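The values are calculated or read from the model by the stated rules, or taken from the named source; none is laboratory data. Keep in mind the model is a prediction, meaning the values are calculated, not measured. Positions of Cβ are generated from backbone atoms using ideal geometry, with glycine treated the same way; all protein chains shown enter the neighbour counts.
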Amino acid sequence: MGTVTLGVSIAVPEPYGSLLQERRAGFGDPAAHGIPTHVTLVPPTEAPVERLPEIEAHLARVAAAGLPFPMRLAGTGTFRPLSPVVYVKLAEGAPECTRLQKLLRDESGPLVRELQFPYHPHVTVAHGIADEAMDRAFEELAGFEAAWTCRSFALYEQGADAVWRKLRAYEFGGGSGADIPAQSAPVDVPAPTQA
């Protein structure tokens, strides 16, 4: 039946998601428009198509046991020189993301996998581009801030065109997760700022 490339992530809600996606494109990252702005919970993972129902049931169980939690982005960081990535940091919500990704990748579940690097929740804003552009991303988004209540995560599939598309969202404590928006409404915070 073949395989699919799946990922699980928390979407960064509007207006912040589009703003960071546009900034990422503006820094010259060719992958920007194929990757919705997100915090990764399960990185790209190959899975047999026939295991999709089992994977979806696993995600629904993890979500049903979870509770909404506050998330806040503030400032920039980088994984250079280990990995060519500049990111916006999670100032709030990192422990909850870490717990979720452990539950999702549980060794008894269908998404068990080793990670290339230790898990560090973040929002990528530049990846694999020229050093000068990476430096610009790091500096220009240093003053960026956003906050919202995270109420769900979503399962995504990467198409043959390298674009990631949402298959289904899973709301915390909400049972089925069918037809739930992938993005939560922002809480009352100032508009995003850039340095």
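Here are some notes:
- Selection status of E96, surrounded by fewer than 16 Cβ atoms within 10 Å (Cβ to Cβ) and charged (D, E, K, R): no
- Which numbered condition E22 fails, given (1) more than 18 Å from the chain's Cα centre (by Cα); (2) surrounded by fewer than 18 Cβ atoms within 10 Å (Cβ to Cβ): (1)
- Restricting attention to the stretch 53-77 and to residues that are aliphatic (A, V, I, L, M) and in contact with a strand residue (DSSP E or B) (Cβ under 7 Å, 6 or more places away or on another chain), the residue that is surrounded by the most Cβ atoms within 10 Å (Cβ to Cβ) turns out to be L59.
Residue-by-condition table, conditions (1) out of contact with any strand residue (DSSP E or B) (no Cβ under 9 Å at 6 or more places or on another chain); (2) at pLDDT 90 or above:
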position: F117; (1), (2): yes, no
position: V123; (1), (2): no, yes
position: E139; (1), (2): no, yes
position: G143; (1), (2): no, yes
position: L167; (1), (2): no, yes
position: G173; (1), (2): yes, yes
position: G177; (1), (2): no, no
position: P186; (1), (2): no, no
position: P192; (1), (2): no, no
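- Residue match in the stretch 40-56 (condition: of a type in the set (G, A, S), within 18 Å of the chain's Cα centre (by Cα) and at pLDDT below 95): no
- Hey, D161 of a type in the set (D, E, K, R), modelled with pLDDT under 90, part of a loop (DSSP other than H, G, I, E, B) and closer than 29 Å to E46 by Cβ or not: no
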